[in-house]
Each structure stands twice: as structure tokens, then as C-alpha cells.
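Any read-out appearing in this document is the output of simple, stated calculations on the displayed coordinates, not a laboratory observation. Keep in mind that this is a model prediction, so the values were computed, not measured. Neighbour counts are summed over all protein chains in view; Cβ atoms, including those assigned to glycine, are modelled from backbone coordinates with ideal geometry.
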Amino acid sequence: MAMAMRGDPKQRRASASAPHGGAAHHVADKLRRHSTFLLLLLLLWFALSLYLFLSATPPPPRPAFLPSTSTPRPALRIYVYDLPARFNRHWVAADARCATHLFAAEVALHEALLAYAGRAARPDDATLFFVPVYVSCNFSTDNGFPSLSHARALLADAVDLVRAQMPYWNRSAGADHVFVASHDFGACFHPMELFVIIHFELGVNAKSNLALEQEDIAIADGIPEFLKRSILLQTFGVQGTHVCQEADHVVIPPHVPPEVALELPEPEKAQRDIFAFFRGKMEVHPKNISGRFYSKKVRTELLQKYGRNRKFYLKRKRYGNYRSEMARSLFCLCPLGWAPWSPRLVESVLLGCIPVIIADDIRLPFPSVLQWLDISLQVAEKDVASLEMVLDHVVATNLTVIQKNLWDPVKRKALVFNRPMEEGDATWQVLRELEILLDRSERRHVESWKR
């Protein structure tokens, strides 16, 4: 029996391997348990890391209000205050010019936002609050220009009313409230005409001194304190710092009636027999008032240098049909006046005439859409004497490229305040710029919170 067992190789292998096989199974089982434990630890570490990362990451930016092929539905929701008529509607009823003159963006934006399908019906749903106060409609002056003598008081009255009757101003100290400042030096509320009228009784010399130093007065007064945390939509804009733009703001175009865009629907077909055009105030002998000259003498130098040059069509007298002259011109000169901007910028684009901007440090509206360097020329104030050579060079090199860019209907539409608003027009661009401004403000807030 014993010999039989020793002679059976299968039995010897089975009996020899039995104890080692049990140990192997035991080791494998321990490894499986340890692997499961390690996997659980790894998953827990990953989940904890992801949670900590997401909690420290800023919230995603608000969806951009960008062009699309469908009707825009921006995240931005604006509530329009229904102020008493003395702040807005009464001014239009008193004088129709209120809704059509070069400062009328305050009226056009209000009316466009009232008809805007995306505006907030309830203030609790609003992202921003629009305060419609018309400060440029007081045509009580002898020269027919609007007076701003009442502007600060009227705005302060509106803010007091909003603050007293609703909680939204107090909640943010006005930081989410939007105002329009569509005149010479924007939210400083000081055009030249104001001081001409107020100080008329002081005599011609005193009147001129005060009028021609209007920017100094604007700088001295600055933006009203109660508006410095608000968002301002203003035509005034310069590179660098300036007290009249020391608040969150969007540079907007001056108002030009929308029908101007229809006067020349196909600018590429116009016969342009005028080389360079300008019609407006040009002083032959500018007065030196406290070291200041109107237009920094740029317009005077234009007249002196090119007044007898047949390639330049320069006129000092007003002419009601001057836009027909612009429509015949290759280049439309846009020199600064007291402020750097003028309605000529918009009119020239609408009429297909290349704007020649002579205003150092000017900031232009909606640069991401208009691409001003592609549709205009910018000549330094000190280089007026070389202007003819600059224009001749453009004609010989890239005139057709600039004209093709300029005649793009998208660019022309971006400068027009339609009522009601249309996709791509000036009000639409303002909403887009406000979206960008809010995104930038949110990023600053997050960065400040991180510090």
C-alpha cells in the first residue's frame, strides 16, 4: 500500500503542492483587498482636489453679446425707470430738435430701450438700470445751442427721486445705473455755450475768456460726485486719463438722424469729384485767450495751407445741404473743435467718404466692430502741413482697400441709433459694450476677492 502511493506521481504532485497553493490564494486575496482600498483612496483624493479647484476658480464670464445670425438674446437685462415727464418727455414736446440734434443719443437710446424686447419688466430681474434724463434739450439760448446750466441739478433731482422711491440705487450706490452724457465733455456737463450765455453781460472780452476756457472749467468741476460710481454713455473719449472720464463709461457716437444712412444707400456708386472736403468754423485770425486757440489752431492752419489749393474744398459758411458735398468727396476732414469728436465722423462713414481724423488721442466708438484703422486716416495735429502728401500717398497705394472696408454695411449700421433698435445698430452695440464692461468689472471683483 505504501509502495503504491510512492509510485503514483499524480498523488505525489497533489500532496506536494497543496500547502503552497493555499498560501498563493491567501496572498492574492490580500492584494485584491489592498488594491480596492488604494483605488478608493485615489478616487477620494481626486474628488477632493476637483472640489477645491472649482471652489477657487472664478465664475465663468457672462455670455458675450456678439453678432449672430439669429435675433440676439443677451444675458443683459436693463430696467428703464419711468421718471416723471419733466425729466424727459416734456423736453421733446417743447422742442422737436431735442430728438434730432447731435446730442440726441440720450433720447434715441431711451426710446430704443423702451421698445427692446429683452428689457427687464421688473426691476428685481434687472442687471442694469437706465435713468432717462434729457439734459441737452434746453434750447433757451440766444444762439440756438442747448444750455447745460440746469444739467447737474436735474440729474441730482432724478437720483434723489430714484434713491427715495426704490431700493436699487442704495443697494449698489448707483454702480449698476446707466446715464447718457452726449455733449462736448461728456459727464463733466460743461459745453462752451453755457458760459457764453451766463457771462454775456460781462462784456465781449470776459465772455470770450470764459467761453474759450470751457475745458478748464470742465476739468475743475469734473464728474458730479453722485455719478462717479455709475456707468456713463458719452461721446467724449480720449486716450489716457482725463477727469471727464473718471468713471466706468462707454464711448458712443454722436447722434445723426438715421435717414442720413438712406441718402446714399450704395456709396460705392457715388461720383466723387471732390478730393478733400471740410465745411465748418475756421478762424482766419484765431484769438489767443489765456494761451488757448480754438481747435488748437488746426482749422486755421488748414485754411491757411490749403484754402487756395484746388484739390481742397474748404468752406467756412454754413450750408444746409452740406451732406451732398460729403457724398461727392473722397476724403472728409474731421478736425477737432473744442472737444476732439464731431458728428462729421459719423456722417462721413454713412456717406462713404473716408474720415481724416485730426484730433490727437481721440478714442472712437465701438472699435472692435468699426476697426477705425481700416476705414479712416488719423493725422497728427502737428502734421497738418503734410496732409496733401499723406492723402496723395493713400490714393496711389491703398485707397480702394480703405473704401471697400468703409462701405461695409455692418460698419455703417453700427453708428446709427434706430428706433426701434435693430441688430447691429448703435443701441445694439451699446448693449454689447455694457456686457464687456460688466465682464471686466466682475473679473476685477474676483481678483480683488482673491487678494
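Some notes on this structure:
For every residue, the table says whether it meets (1) in contact with a Lys or Arg (Cβ under 6 Å, 6 or more places away or on another chain); (2) not in a loop (DSSP other than H, G, I, E, B).
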| site | (1), (2) |
| --- | --- |
| Glu111 | yes, yes |
| Arg119 | no, no |
| Pro132 | no, no |
| Asn138 | no, no |
| Asp142 | no, no |
| Arg152 | no, yes |
| Val159 | no, yes |
| Val162 | no, yes |
| Trp169 | yes, yes |
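- Within segment 361-387, the set of residues being touching a helix residue (DSSP H, G or I) at 6+ places or on another chain (Cβ under 7 Å), within 15 Å of Leu333 (Cβ to Cβ) and either assigned to a loop (DSSP other than H, G, I, E, B) or of a type outside the set (A, V, I, L, M, F, W, C) (or both) comprises Val379, Glu381.
- Segment 255-264, residues that are in a loop (DSSP other than H, G, I, E, B) and in contact with a helix residue (DSSP H, G or I) (Cβ under 9 Å, 6 or more places away or on another chain): His255, Val256, Pro258, Leu264
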